[in-house]
Each structure stands twice: as structure tokens, then as C-alpha cells.
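First comes the structure, then the notes that go with it.
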Amino acid sequence: MTEDLATDIKDMLMQVSVSTLTTCLFNRGMRTRLIEGVMPIGTGAVRMVGPAFTLRFIPSREDIDTMVEYTKDTHVQRRAIEECPSGHVLVIDARGDAGAASAGDIMIARLKSRGCAGAVSDGGFRDMTDIAALNFPVYHRAPALPSSPIRHHAADLNLPIACGGVAVYPGDILVGDGDGIIVIPRHLAEEVAQEAFGMTQYEEFAAVKVSEGRSIFGLYPSTESSREEYENWKNDQLS
């Protein structure tokens, strides 16, 4: 089981955009940390931060993936719902296949009630209206109405997976907002959070100056002179 994310790191990541985080990871040579093709269900709770707990689907097989097997307590998909730790994000490798559901509203409601941080699939979920009403961060590629066993066999839990073209390791930190989801390697989470938080604070200053008619030249990206100006501006805001 992976450790919870420190509160101060989580708080910083909750206040920064996925767009800003892409820049921070690019500064470290990482260009491929965005989960491709997924968007939040609904317009309510879309901010999401938490360590990954993974579930991997492989294609189903008719003699194995039956509704009788699905009802068993040992079924790996059902175990994922009960074993995903509080504060973690359930990340599902559905091979990009939205031909059957990665889960539905009852399973998602159970994740919420257990204190999990969200759910992500590069396939699809069903019962979208009911999931949206939960006010809980859930991301997917497209609606998927058929029951999971029609296309998916739940193979294993909490091992490295692919989700939307990105390698996700258990414990990696997922951050989601209205634009999408980024995966931060766990060992980089603290330094990336600090850099992104600082960038976000500077961008608030830059946005104010642009609204006042200021050119972006010498302002954005920041320069030594503009950073000094920002520090003075920030001190004025605090006084």
C-alpha cells in the first residue's frame, strides 16, 4: 500500500493548474505525463489530487467473465472498490476501450463514501447523470453503457499500468482539473508542487498587470526584473 500524500503538498497541488504542472515537468525533461483523451464527468467536483491505486483490465473471455463470477467477493474489480485506500485515486487501465463500463454509479458512490480522492479510466463509466450528481471527481474517455464483463476482465491490482498512453505506477500523484489529468512521479511531487505553487502566485501578479495594459514582454515569462517587481507587489498585498 502506498503512503498518503503530505497535507502541505496536497494543499499546494490543489491550488495549481494541470497546465502549470506540465511546464514544471517539462523543465525536468518529462513531456508525456498527461493522460490522453479523458475529461471530467459533470461540472461540479473536478479538482482532484491523490496517489494512484491501480486496476488493470484485459479483454474478457466468455467462459470466465460471467455475471456469476462478477458477483463473487474475490472479483478483482469489486475488490478494487473496497481496497483503494482513503485519499487515493482509483486509476483504471481499460485499454482505451469504452465498449463496456469500467464501473457505474454504485461503485463510484462507494469510493466516495470510503474517502477516496477520485476515479480515472481511459475507457468509460456508465450512469453518468448519477455520477455527476455525486459531486466527486471522476474522469473518463466516453460514456460506456454495457456491463464490464462484456468487454473487460479485471486482471490485477496495484501494479504498473498504462492509462491514456501514460505509465502509471502505484503511488504516483495524479492531479486533475477541468482540462485533464497529469501524473507526477512520486519522488518529484514535493519539488514540483513548490515550483508550480510559486509559478501560480507569480501568474496572478502577471494577470493583474496585463489587465492594466502591460505588455507581456519582460513580464511573462518572468525576468529577473519582473520577479523583483512581483516580490514588491506581493509585500504590498500583505501589508
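Run the simple label-point estimate for E191 and M30 please: 7 Å along Cα→C-beta, distance reported in nm.
It works out to 1.1 nm between the two label points.
Rounded to the nearest 20 Debye, what is the dipole magnitude of the chain about its Cα centre when Lys and Arg each give +1 and Asp and Glu each give -1 at the C-beta?
On the way: 22 positive and 33 negative charges, 103 e Å.
My answer is approximately 500 debye.
Modelling each spin label as a point 7 Å along the Cα-to-Cβ direction, I'd like the R214/E82 distance in nm, to one decimal.
My value for the distance between the label points is 5.7 nm.
Relative to the present Cα-Cα distance, how much length would full extension add between I106 and N135 at 0.36 nm per residue of separation? Spell out each step's value before the answer.
Working: separation 29, 0.36 × 29 = 10.44 nm, distance 1.36 nm.
Extending this stretch completely gives an extra 9.1 nm.
Taking amide H positions as placed in the peptide plane 1.01 Å from N, state which residues far from V38 in sequence (5 or more) or on other chains have amide H under 5 Å from it.
none
Stokes-Einstein at 4 °C, 1.567 mPa s, Kirkwood radius from Cα pairs: D for the chain in µm² s⁻¹?
On the way: Rh = 18.9 Å.
This corresponds to a translational diffusion coefficient of 68 µm²/s.
How much length, in nm to one decimal, is gained on full extension between L238 and M67, taken as 0.36 nm per residue of separation minus their Cα-Cα distance?
Numbers: separation 171, 0.36 × 171 = 61.56 nm, distance 6.08 nm.
Taking L238 through M67 to full extension adds about 55.5 nm, to one decimal.
Using only Cα atoms, find the angle between the long axis of helix 189-211 and the longest principal axis of the chain, and express it within 0 to 90 degrees, rounded to the nearest 10.
Relative to the chain, helix 189-211 is tipped by roughly 50 degrees.
Output the 0 to 90 degree angle, nearest 10, between the alpha-carbon long axis of helix 224-238 and the longest principal axis computed from the alpha carbons of the chain.
The two axes meet at around 80 degrees.
Every number in this text was worked out from the coordinates using simple rules, so none of it is lab data. The shown structure was predicted, so the numbers you read here are calculated from the model rather than taken from an experiment. Here Cβ is always computed from backbone atoms with ideal geometry, including for glycine, and neighbour counts include all displayed protein chains.
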